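Have a look at the structure below, then the notes.
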Amino acid sequence: MSTRVDEIADGIFRISTSVPISAIPGGFTFNQILVKDEVPLLFHTGPRGLFEATRIAIESVLPVSSLRYLGYSHFEADECGAMNLFLANAPKAVPLCSRVSALVSMTDVADRPPWALKDGEYLDLGRHRVRWLDTPHVPHGWDAGLIWESMTETLFCGDLFTQPGMDLPPITEGDILGPSVGMTAGMDYFSCHHKARTILARLAELRPNILATMHGSAYCGDGAALLLGLSRSLSEPARIHRRNRDDEFMGASSEVD
Ligand SMILES: [Fe+2]
Ligand SMILES: [Fe+2]
């Protein structure tokens, strides 16, 4: 396991821990996005097991105790498993999430009440300005949302464009769509394809310059083209065939029951 820190845009740091995982050949990365500003924000805490590695990496950029917002896309261990550990180490920090996530999970789970953001709501951090975007069920979790940072035109895109592997560049102008689509062929983490296409089109309208992924390399280039490419991939015949096959399987098992 190793952790690296890279500034992928002005004041936007990618903290990436590579972990060998038996379920994913070649291993996997867990990326936290840190905004260094008057009001520091961390997007994704990482799982509890990676807390110490993440904490030490953040300290190379700014004091963990100065963190004010601990954002996450949706309620899962890698997105927010270390939340209470960070709350204990950052006395002014609060969880930052969707209204649904606050309602169904974080208000109960967190040691301090979350700040629940409405779709489209802005937060000024100093030089950076972030906007919350609800993305229910995209790629999964009905509480899901993402963050847009307008100064650097960076989309904190969470599990979108998830790529396997550990020895990946922190940011690339190369292909991240192909590896991420390849991964969903064996591990389809999109929960609602028809909603995804509508939401991906809305995200593409932001015309992101950087896609800060949670797993794999960040991407620098025409983010809108990649988001629309991802949307098209969801309706490709192979994906539809696999979905139908899975539906048949579920139908067969319920008949047996
Ligand atoms: Fe997830
Ligand atoms: Fe994730």
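Side notes on the structure shown:
- Among all residues of the range 154-161, there is at least one that is away from ligand 1 (no atom under 14 Å from the Cβ) and touching a strand residue (DSSP E or B) at 6+ places or on another chain (Cβ under 8 Å).
- Looking only at the range 24-52, and only at residues there that are over 17 Å from the mean Cα position of the chain (by Cα), in contact (Cβ under 8 Å) with a residue 40 or more places away in the chain and within 18 Å of Leu67 (Cβ to Cβ), the one that is surrounded by the most Cβ atoms within 10 Å (Cβ to Cβ): Pro40
- Among the residues of the range 36-60, those identified as more than 21 Å from Ala102 (Cα to Cα) and either part of a helix (DSSP H, G or I) or touching a Ser or Thr at 6+ places or on another chain (Cβ under 6 Å) (or both) are Gly49, Leu50, Phe51, Glu52, Ala53, Thr54, Arg55, Ile56, Ala57, Ile58, Glu59.
- Counting only strands (runs of 3 or more DSSP E) that sit wholly inside the range 127-235, those with at least 2 residues that are in contact with a Leu (Cβ under 8 Å, 6 or more places away or on another chain) and closer than 28 Å to Pro25 by Cβ are 154-158, 210-213, 218-220.
- In the set (1) more than 14 Å from ligand 2 (Cβ to nearest atom); (2) free of Cβ contacts under 8 Å to residues at least 24 places away in the same chain; (3) not acidic (Asp, Glu), Ile21 fails one condition alone, (1).
- Residue in the range 219-226 that is hydroxyl-bearing (Ser, Thr, Tyr), at pLDDT below 95, more than 16 Å from ligand 1 (Cβ to nearest atom) and surrounded by 17 or more Cβ atoms within 10 Å (Cβ to Cβ) present: no
- For the range 10-35, residues that are not in a strand (DSSP E or B) and not hydrophobic (A, V, I, L, M, F, W, C) total 3.
- Any hit, the range 115-132, residues being in contact (Cβ under 8 Å) with a residue 60 or more places away in the chain, surrounded by 23 or more Cβ atoms within 10 Å (Cβ to Cβ) and away from ligand 1 (no atom under 16 Å from the Cβ): yes
- Test: residue in the range 104-111 that is more than 14 Å from ligand 2 (Cβ to nearest atom), at negative phi and assigned to a loop (DSSP other than H, G, I, E, B): yes
- In the range 112-163, the residues that are among the aromatic types (Phe, Trp, Tyr) and more than 16 Å from ligand 2 (Cβ to nearest atom): Trp115, Tyr122, Trp132, Trp148
- Within the range 54-83, residues that are closer than 17 Å to Asp134 by Cα reach partners that are within 11 Å of ligand 1 (Cβ to nearest atom) and not in a loop (DSSP other than H, G, I, E, B) with beta carbons closer than 6 Å, at six or more positions or on different chains, in the pairs Tyr72/Glu79; Tyr72/Cys80; Ser73/Glu79; Ser73/Gly158.
- Any hit, the range 93-106, residues being more than 16 Å from ligand 1 (Cβ to nearest atom) and touching a Gly at 6+ places or on another chain (Cβ under 7 Å): yes
- Looking across the range 61-101, the residues that are within 16 Å of ligand 2 (Cβ to nearest atom), small (Gly, Ala, Ser) and in a loop (DSSP other than H, G, I, E, B) come down to Ser73, Gly81, Ala82.
The values are calculated or read from the model by the stated rules, or taken from the named source; none is laboratory data. Keep in mind the model is a prediction, meaning the values are calculated, not measured. Neighbour counts run over all protein chains shown; Cβ positions are idealised from the backbone, glycine included.
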